[in-house]
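The values are calculated or read from the model by the stated rules, or taken from the named source; none is laboratory data. Please read these numbers as outputs of a predicted model, since none were measured by experiment. Quick reminder, even Gly has a Cβ in these numbers, built from the backbone with ideal geometry, and neighbours come from all protein chains shown. The accessibility values were calculated without ligands, DNA or RNA, using every heavy atom of the protein model including side chains. Shrake-Rupley method; radii C 1.70, N 1.55, O 1.52, S 1.80 Å.
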Amino acid sequence: MNPNSELQLVPETLLKKRHDLDALQAKRAAEAINNPRVSRKRISDKSKKVKVVKAETILIQSRHRKNARTRFNRVSKKGMQTRASDKSVVKTKVWDSVKEEEVDEKELEKRQEKEQQDKAAADDSDDDEEEADEKSDQQLHKIPYKANSIGATTVFAVLIRPTIHTTPKPVKKTLSTLRLRRMHEGVFLPYTDATRKMLHLVEPYVLYGMPSTETISDLVRRRGFCRVDGKRVPLADNNVIERELGDVGLICVEDLVQVLSSASLDAMEGEKDGSFGKVTKFLWPFRLTSRKSKFQSKMLDLKEGKLYGDQGEAMNGYIREML
C-alpha cells in the first residue's frame, strides 16, 4: 500500500491563501517591532473619510456668530426697546369645537374664501344659507389669551436651538446660568427682572411662557426627575420628596405643583434658599421631545419656523406637544 495515498489533498488556492496570510502576519510583526504606536490602531485606506467644508459654509457660520454676538451686546446695553412690551398683551385665537383644535389664521382665511365662493355659486334659499352661517359660527369660537408673560410669577423655558460652534460664548454662559444645557430641556424660572433680562439675551434660543397649574402637574408627574446625591432619580415615590424637602414642609407632588405654580415672595425677591429655589434645585431639568419628529423634519421637510421667545399662555399648547 502506498503511504502517500493516506495523505489529505489540499487545493492549490487554499495553499496560496495560507502563504499570503503568513506573509501578512510576518509584515505586521515587523511593523510592530519598528513602530509599536502605529500598530495599536490601523486605519485602512477604505475607512479614511475626508470631510470637505466649503468656503461658503465657513463664511455663513462666521456671519451667524457675528450677528448673534452683536445682538447679545445690543440687548445687554439697550435692552429689547420696542421688541418687548412692558404691558400685558391680549390676543385672540380661533378654536374649532368640532375638531377640538386651534384653527390657523391661514386656514381660517381659506375657509372664509371657500364660504364666500359657495355663497356666490349656491342656488339654495336664503333660509338654508342663514342656517349654515349659524352652524359655522357655533363651530368656531374666539378665545382671548395673554400673548406675553407680564404679571406672571413663574415661567417655563425650553431650549429649542442647539448651542453649536456658531453660538457665542456669552450666550452659552447665559444658557448655562439658566440651567439650559441640552436640546429640548426645560426648567421653571421665577419671572423676576433679572431672569427676564437673561431670557431676552438668549431669546432666539429659548421658548418660554406662563404654564397653567394643570400643565405643571402633567410635567411633574409624567417627566419629573429629581436630584438625589447628584444622580437623576425618577419621582416615583413621595418618600423621596419628604426626605429631601421635608424641612421646607413639602411632602408630596401636589406640594411641588403648588410651589411651582405660584412662586413665593422669596423667589421673586431673588432668595435661593426659599421653597421655590429649593424645589427648582431639587428637580432635574425636564427632558422633552421635539415638536416635529425626524420623519416630519427630514422627509416631509416640515420646519419649526420662527417660533421662539415669550409665548405667554400659548406655552401650554407647546408643552403638551413636547410631552
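Please identify the pairs in which a residue from the range 81-96 that is of a type in the set (Lys, Arg) has its Cβ atom under 7 Å from the Cβ atom of a residue that is modelled with pLDDT under 75, counting only partners at least 6 apart or on another chain.
93/102
Could you list, in sequence order, all residues of the range 217-247 that are among the aliphatic types (A, V, I, L, M) and either within 15 Å of residue 188 (Cα to Cα) or open to solvent by 50 Å² or more (accessible area, probe 1.4 Å) (or both)?
Once the filter is applied, which keeps residues that are among the aliphatic types (A, V, I, L, M) and either within 15 Å of residue 188 (Cα to Cα) or open to solvent by 50 Å² or more (accessible area, probe 1.4 Å) (or both), the range 217-247 yields 219, 220, 236.
Within the range 214-264, can you find the residues that are among the polar types (S, T, N, Q), outside any helix (DSSP H, G or I) and within 24 Å of residue 322 (Cα to Cα)?
262
Could you check how many residues of the range 194-213 are part of a helix (DSSP H, G or I) and either farther than 14 Å from residue 263 by Cα or open to solvent by less than 10 Å² (accessible area, probe 1.4 Å) (or both)? Break it down stepwise before answering.
Quick first cut of the range 194-213, residues part of a helix (DSSP H, G or I) only: 194-201, 203-205, 213.
Applying the additional criterion that residues be either farther than 14 Å from residue 263 by Cα or open to solvent by less than 10 Å² (accessible area, probe 1.4 Å) (or both) yields 194, 196-201, 203-205.
Qualifying residue count for the region: 10.
If you take the residues in the range 118-150 that are surrounded by fewer than 11 Cβ atoms within 10 Å (Cβ to Cβ) and in a loop (DSSP other than H, G, I, E, B), which one is modelled with the lowest pLDDT?
Applying the filter and picking the extreme gives 125.
Quick one: count up the residues across the range 152-183 that are assigned to a loop (DSSP other than H, G, I, E, B) and farther than 22 Å from residue 70 by Cβ.
Count: 6.
Quick one: how many residues across the range 50-72 are open to solvent by less than 100 Å² (accessible area, probe 1.4 Å), farther than 17 Å from residue 163 by Cα and either in contact (Cβ under 8 Å) with a residue 12 or more places away in the chain or not in a helix (DSSP H, G or I) (or both)?
The number of residues fulfilling the criteria is 1.
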